[in-house]
Structures are given as structure tokens and as C-alpha cells.
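One structure is given here, and the rest of the page talks about it.
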Amino acid sequence: MRRIKKEAVEYLDERFKISDDYVSFDQKNDIFNRASWDNQVNPREFFKSYDIANYKPKKAKGFDHWDYAFRNASWHLTDVVGEQNFDETGQVEGFTDYYTIQTSGSMEKAPLHSTQDTTARIKQAATLLGAGMVGICSLDERWIYKSKYNRKTDQSAPIDLPKHLKYVIMLIIPQDYELGKTYPTALSGAATGLGYGVGLNCANALAQFITNLGYEAIASLNDTGQSIPMAISAGLGEYGRHGLLITPKYGPNVRIAKVFTDLPLEIDQPIEFGVQAFCKICNKCADNCPPRAIPKGTPQSTPPNFSSLKGITKWTVNAEKCFKFWVGMNTDCAICIRVCPYNKDYTKWYNRLAIKLANSPLRKLMLRLDMWMKMGARKTSDLWWPIRS
């Protein structure tokens with residue numbers, strides 16, 4: 001793994017060939033928001049199934065009452081906290097709006113010995129609060145949404161992020177590896193819900209910590225701005241063919257949270273550890289994607305539809321095809337995470353060796369071994385639950 005000795009803005013410009021016609025993404029066009037206003041995106045019973053009264057069991061393993069009950073429970077706090085003001089304002093904090101649950105902090109600013117010391121303390125606190133990795137980047141306005149979308153009023157509004165919040169603390173939240181082996185099932189949807197739950201707590205507690213120090217901080221999950229380019233800027237991973245962040249510690253099996261702040265911090269540099277070269281020869285995510293939503297071939301500058309960025313050259317997942325498959329299953333998919341050769345338990349020495357091979361001239365050997373050993377094979381839910389007597 002090597003640190004890129006360039007400013008993040010310059011690195012991303014070169015890495016993704018960002019053109020002059022690039023514009024910030026309009027949150028209204030996110031595929032989940034389109035389900036609220038676009039008749040071409042029919043969510044049917046997808047969102048309703050997250051209320052256990054509306055779940056519909058299937059004969060397939062991983063879709064019974066136990067599985068839906070656990071999946072929905074994993075989302076409980078994220079939903080309750082995020083939608084506490086929905087009836088009044090239409091806000092879905094963490095997904096269309098940043099969180100507003102911080103209490104007033106200190107009127108005096110805590111003494112700062114140095115930006116190095118401050119950064120080390122913030123990263124230590126974030127790790128204890130549940131982050132598996134932590135990085136810092138400067139705020140790049142290009143990744144802030146053009147506007148935010150209100151699902152209740154069907155209206156868009158400017159992003160009201162204070163301009164003096166110049167730093168972004170990026171938080172990598174690892175998801176459960178064994179549970180992820182059961183993708184795609186209602187049961188495996190709990191891996192996603194649990195990830196968001198930890199991210200909710202980690203980001204909000206860290207923002208409150210900074211507020212208590214006398215500085216300003218705003219906690220965020222998927223709202224306000226695009227997390228993946230900011231995480232790349234913060235040196236937390238690289239971009240994969242499946243459109244996900246691939247981290248050196250957890251592969252793509254993560255969720256991302258963030259905290260915007262004015263607390264002076266040291267900026268991290270982007271990293272490279274061979275992901276682009278590996279993804280060029282590996283098509284496991286594309287080959288295993290049932291709706292064929294993941295592209296093969298080289299990165300392209302033209303997006304498949306308006307739910308994706310334009311003016312940037314990258315592998316882009318067809319969000320319309322992807323979400324339609326989710327709706328058909330009545331749960332999220334993430335087969336692409338399960339089969340990705342970077343999705344491994346890196347507490348095991350042989351998996352740490354595997355990633356070294358993937359990031360070396362022997363990457364083709366690693367890919368063949370990954371396929372021969374059937375890494376990423378699906379695990380049935382009855383093997384995850386304790387054996388029934």
C-alpha cells in the first residue's frame with residue numbers, strides 16, 4: 001500500500017478524469033428517492049416490508065419470520081432516530097438530511113496542543129465508538145449534493161451545510177462477515193442494518209464529542225454528500241468495479257459514516273494498493289450480478305441513467321436494474337460484496353497473504369485460487385442460525 005503524494009483534488013481529477021461538464025449530484029435522482037416520485041421506479045412492497053406487520057415470507061431459506069424479524073430489528077434505531085421528525089418536516093435524517101440530535105456543547109473551546117495530537121485523539125475516540133478505520137479529508141464541494149430531497153413534500157432545497165466546516169472525518173464501519181455470506185436474503189439484510197446502526201452511533205457520538213470540546217460538528221450517513229469519493233480522499237480505500245469502496249482492512253464489506261467539522265485536523269492522503277489493476281482482470285461481481293447491473297470492460301464516462309454521475313470516468317452500476325432486483329426479492333442484495341475477492345476475514349493469515357497476491361503481479365494467480373476454492377460462495381441461513389433441536 002502506498003500513499004499518494006498529491007492533493008486529493010488533483011488525484012481524483014486524474015484518477016477519474018473528471019471533466020468540465022461535471023456537476024454535483026441532485027439527491028432527488030438517487031434511486032431510493034426516485035421511488036417516491038418516479039413512476040418508472042416501482043418499489044411495490046419493498047419499503048413496507050421493513051414494518052414486520054407487512055413482511056411476506058417466502059419458501060426460500062433466509063426469508064422466514066425469524067429472518068425478517070431480525071433484519072427489521074437491526075434497522076430499528078436507525079429508522080426511529082432518522083424519521084423522528086418526518087411527520088412534521090419530511091426529513092429522513094441520515095439519508096436525506098444530516099442529523100440534528102446533538103445537544104449544546106461547551107461555550108469555551110478546549111485547548112489544542114497541536115493538530116497532530118488533536119487528530120490522534122479524534123481517531124482514537126472514533127475507533128472506540130465503533131469505526132474500523134478513520135480518515136480525514138478537506139471538504140470538496142463537488143461531492144456535496146446539488147440539493148436535498150424531501151420525500152414528503154416532493155420538493156428539493158439547497159444543502160444548508162455551514163461553509164466554515166472545512167474538514168470531514170470519514171468513518172469506515174465494518175459489517176459482519178459471516179452474516180454477509182448469506183446474501184441475498186432477508187437475514188443478510190441485517191448486516192446492512194447493523195452497519196448503519198453502528199454508523200449512526202459512531203458519527204453522532206463523535207460529533208457530540210467535538211461539540212463538547214467547543215467546536216462545531218455535524219453527523220451524517222448517506223445524506224448531504226457522496227461518501228465514497230470523500231473516503232478515497234481520506235485515504236481509506238480505492239474504488240471497485242462494483243461501484244463500492246474497497247478498503248485494505250475489510251474489503252468492500254463496509255458502511256461509511258462521516259462528520260463535518262471546523263475542528264482543525266491533519267489531512268490524510270489517498271492510497272493505492274492495486275485495486276484498479278485487479279478489478280480490470282476480475283469480473284466476479286459482474287458475472288454474479290443477477291440483473292447484470294455491474295459493467296464489464298473499461299470505465300466509462302457516460303452513465304447508464306440519470307441516477308448516476310456524469311462527467312466522471314468510472315465503472316458505474318445501473319441503479320435502475322439493481323433496485324428492481326431488490327424489489328423483486330423484497331430485501332437488499334449485495335451479492336457483489338459477497339463474491340468480491342477482496343471480501344475476506346483479514347484476521348486470518350492466509351487471507352492477508354491473498355490480498356498481497358491480489359496487489360502484486362501474481363494477481364491472476366490469486367484470482368484463480370479464489371475461484372478454485374469457491375471463496376464468496378453463498379452460505380444458507382440455516383447454517384448461520386444455531387442448529388434447531
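The values are calculated or read from the model by the stated rules, or taken from the named source; none is laboratory data. Fair warning: this is a prediction, and the values are worked out from it, not measured in the lab. Every residue, glycine among them, receives a Cβ derived from its backbone with ideal geometry; neighbour counts consider all protein chains shown.
General observations
- Near pairs, Cβ below 9 angstrom, 6+ apart or cross-chain, from region 239-255 (more than 15 Å from Gln175 (Cβ to Cβ)) to any residue that is assigned to a strand (DSSP E or B) and among the hydrophobic types (A, V, I, L, M, F, W, C): Tyr239/Leu245; Tyr239/Ile246; Gly240/Ile246; Pro248/Met133; Pro248/Ile271
- For region 334-357, a residue qualifies if it is out of contact with any strand residue (DSSP E or B) (no Cβ under 7 Å at 6 or more places or on another chain), at pLDDT 95 or above and of a type in the set (A, V, I, L, M, F, W, C), and the qualifying residues are Ala334, Ile335, Cys336, Ile337, Val339.
- A Cβ distance below 6 Å, combined with a sequence gap of six or more or placement on separate chains, defines the contacts here; from region 311-327, residues that are of a type in the set (A, V, I, L, M) reach residues that are in a helix (DSSP H, G or I) in the pairs Ile312/Phe16; Ala319/Ile31.
- Where His76 falls short, out of the listed (1) at negative phi; (2) at pLDDT below 95: (2)
- So Ala293, is it of a type outside the set (Lys, Arg) and either within 23 Å of Phe16 (Cα to Cα) or modelled with pLDDT of 95 or more (or both): yes
- Enumeration of residues in region 38-93 that are surrounded by 15 or more Cβ atoms within 10 Å (Cβ to Cβ), among the basic types (Lys, Arg) and more than 22 Å from the chain's Cα centre (by Cα): Lys58, Lys61
- Qualifying strands (runs of 3 or more DSSP E) (wholly inside region 109-174; at least 3 residues being aliphatic (A, V, I, L, M)): 133-138, 167-174
- Answer residue from region 213-233, given it is farther than 9 Å from Tyr98 by Cβ and among the polar types (S, T, N, Q) and is surrounded by the fewest Cβ atoms within 10 Å (Cβ to Cβ) among those: Gln226
- Evaluation of Glu266 against (1) of a type outside the set (Phe, Trp, Tyr); (2) under 20 Å from the mean Cα position of the chain (by Cα); (3) under 30 Å from Ser104 (Cα atoms); (4) surrounded by fewer than 19 Cβ atoms within 10 Å (Cβ to Cβ) (one fails), failing number: (2)
- Any hit, region 241-262, residues being more than 19 Å from the chain's Cα centre (by Cα) and at pLDDT 95 or above: yes
- Within region 112-124, the set of residues being surrounded by fewer than 17 Cβ atoms within 10 Å (Cβ to Cβ) and touching a helix residue (DSSP H, G or I) at 6+ places or on another chain (Cβ under 8 Å) comprises Leu112 only.
- Of the residues making up region 378-389, those that are outside any helix (DSSP H, G or I) and in contact (Cβ under 8 Å) with a residue 12 or more places away in the chain are Arg378, Lys379, Thr380, Trp385.
- Conditions (1) in contact with a Gly (Cβ under 9 Å, 6 or more places away or on another chain); (2) closer than 23 Å to Val317 by Cβ; (3) acidic (Asp, Glu); (4) at pLDDT 95 or above; number of the one not met by Asp21: (4)
- Test: residue in region 138-148 that is over 26 Å from Pro270 (Cα atoms), surrounded by fewer than 22 Cβ atoms within 10 Å (Cβ to Cβ) and of a type outside the set (A, V, I, L, M, F, W, C): yes
- Test: residue in region 334-347 that is more than 13 Å from Gly251 (Cα to Cα), free of Cβ contacts under 8 Å to residues at least 40 places away in the same chain, part of a loop (DSSP other than H, G, I, E, B) and not aliphatic (A, V, I, L, M): no
- Residues of region 348-374 that are part of a loop (DSSP other than H, G, I, E, B) and farther than 20 Å from Leu245 by Cβ: Lys348, Ser360, Pro361, Leu362, Met373, Lys374.
- Check on Tyr22, of a type outside the set (S, T, N, Q) and in contact with a Leu (Cβ under 8 Å, 6 or more places away or on another chain): yes
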